[in-house]
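Notes follow once the structure below has been shown.
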Amino acid sequence: MNISVIGAGTMGNGIAHVFAQAGFKVNLIDVNAAQLQKALTTIDKNLDRQIAKGSLTTEQKTNTLANITTVNSIANGVKNADLVVEAATENTELKLQIFKQMDENAPEGCILATNTSSISITKIAAVTKRPELVIGMHFMNPVPVMKLVEIINGYATKKEVTETIVALSKQLGKVPCAVNDYPGFIANRILMPMINEAIYSLYEGVAGVEEIDTVMKLGMAHPMGPLQLADFIGLDVCHSILKVLQDGFGNPKYAPCPLLVNMVLAGKLGAKSGEGFYTYSAGSKELVVSESFEK
Ligand SMILES: NC(=O)c1ccc[n+]([C@@H]2O[C@H](COP(=O)([O-])OP(=O)(O)OC[C@H]3O[C@@H](n4cnc5c(N)ncnc54)[C@H](O)[C@@H]3O)[C@@H](O)[C@H]2O)c1
């Protein structure tokens, strides 16, 4: 089975990595040549980490890298694919345009999957001539480490396509969970209101950043508190997923907390901007509680 992955960013390099490691031939496609080079370097480093942990041999590393070919055009990259996984930037118009291109250039019968965190699979499928072959394949970050693949059935997705993607996810050593296509699917529909509620608790002065995260870590056995997790996801990403939930369900309970809105407007986007609920020193993941939130 030939796999094509569109987008060589954070998620795309991880998706290419796990397919290649499982023995599939992968075309990794990006419009940005520098990003393709960076993705190969990241995959190389992550494979070395697996070797250091004893979960991979150097021979397996060599074979994994040999399975990956980088390509800079969708038309060339998908023409022999049996499955295309799109992991380009989370922007509806961009994804609709990419899916039209995938549909025009991929062989008949090729399954078209998207790694979108929140955009409707049904909407994406509707711009293709094969909506029954379109499905969500939502990997979690970091892909080589996280076990879950949330599989999202669009309104028209055929049962056989879901079965193929479930089987394929298992072949990657992942645990698939199939869900239906409603705003936020399951992962973000449950995670984002929890993060929003944590931000509301801070906004209303119920507790400080560390107290909120500590309650959830030690009281609920979460590996990371919701405010720290929001920083790692990106506060702009959290904001836009909450808007998808609010608009999709027409329910104000999903409205982003005013503090989250303000932080995004101020450019405090979390780890990637160096400051969110915590501050991050350049190049490190060391946490310092942001002064603006200290009691
Ligand atoms: N980052 C996460 O934690 C996470 C988790 C789950 C799902 N997702 C989803 O995965 C997708 C990718 O997210 P990411 O964090 O990897 O983004 P990213 O910004 O790291 O990477 C996106 C890549 O897409 C490329 N791209 C843009 N337009 C393109 C085009 N026309 N053709 C080919 N490549 C193109 C960009 O050059 C970039 O390399 C999004 O839909 C996002 O919602 C992200």
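Screening the candidates 56, 65 for the property of being free of Cβ contacts under 8 Å to residues at least 40 places away in the same chain and surrounded by fewer than 20 Cβ atoms within 10 Å (Cβ to Cβ) yields one hit, 56. With respect to the conditions (1) assigned to a loop (DSSP other than H, G, I, E, B); (2) free of Cβ contacts under 8 Å to residues at least 24 places away in the same chain; (3) near the ligand (Cβ under 10 Å from one of its atoms), residue 108 falls short on a single one, namely (3). Output yes when any residue across the range 20-32 is out of contact with any helix residue (DSSP H, G or I) (no Cβ under 9 Å at 6 or more places or on another chain) and more than 9 Å from the ligand (Cβ to nearest atom), and no when none is. No, the range 20-32 contains no residue that is out of contact with any helix residue (DSSP H, G or I) (no Cβ under 9 Å at 6 or more places or on another chain) and more than 9 Å from the ligand (Cβ to nearest atom). When 184, 208, 173 are screened for being within 15 Å of the ligand (Cβ to nearest atom) and small (Gly, Ala, Ser), only 184 passes. Can you find a residue that is assigned to a loop (DSSP other than H, G, I, E, B), under 16 Å from residue 73 (Cα atoms) and over 18 Å from the mean Cα position of the chain (by Cα) anywhere in the range 10-27? So far as the range 10-27 goes, no, none of its residues is assigned to a loop (DSSP other than H, G, I, E, B), under 16 Å from residue 73 (Cα atoms) and over 18 Å from the mean Cα position of the chain (by Cα).
Per-residue answers, yes or no, for (1) assigned by TED's automatic domain parsing to the domain that holds residue 226; (2) buried (at least 21 other Cβ atoms within 10 Å of the Cβ); (3) touching a residue at least 24 places away in the same chain (Cβ under 8 Å):
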site: 114; (1), (2), (3): no, yes, yes
site: 122; (1), (2), (3): no, no, yes
site: 145; (1), (2), (3): no, no, no
site: 162; (1), (2), (3): no, no, yes
site: 170; (1), (2), (3): no, no, no
site: 198; (1), (2), (3): yes, yes, yes
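Yes/no matrix, rows are residues, columns are (1) within 22 Å of the chain's Cα centre (by Cα); (2) at pLDDT 95 or above; (3) within 18 Å of residue 141 (Cα to Cα):
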| site | (1), (2), (3) |
| --- | --- |
| 215 | no, yes, no |
| 219 | no, yes, no |
| 230 | yes, yes, yes |
| 243 | yes, yes, no |
| 253 | no, yes, no |
| 260 | yes, yes, no |
| 286 | no, no, no |
| 291 | no, no, no |
| 295 | no, no, no |
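Taking the criterion of being more than 16 Å from the ligand (Cβ to nearest atom) and of a type in the set (Gly, Ala, Ser), the residues of the range 226-265 that qualify are 250, 255.
Can you tell me which residue is farthest from the ligand (Cβ to nearest atom) among those in the range 35-94 that are small (Gly, Ala, Ser) and over 26 Å from residue 120 (Cα atoms)? Result: 54.
The values are calculated or read from the model by the stated rules, or taken from the named source; none is laboratory data. The shown structure was predicted, so the numbers you read here are calculated from the model rather than taken from an experiment. Backbone-built Cβ (ideal geometry, glycine too); neighbour counts: all protein chains shown.
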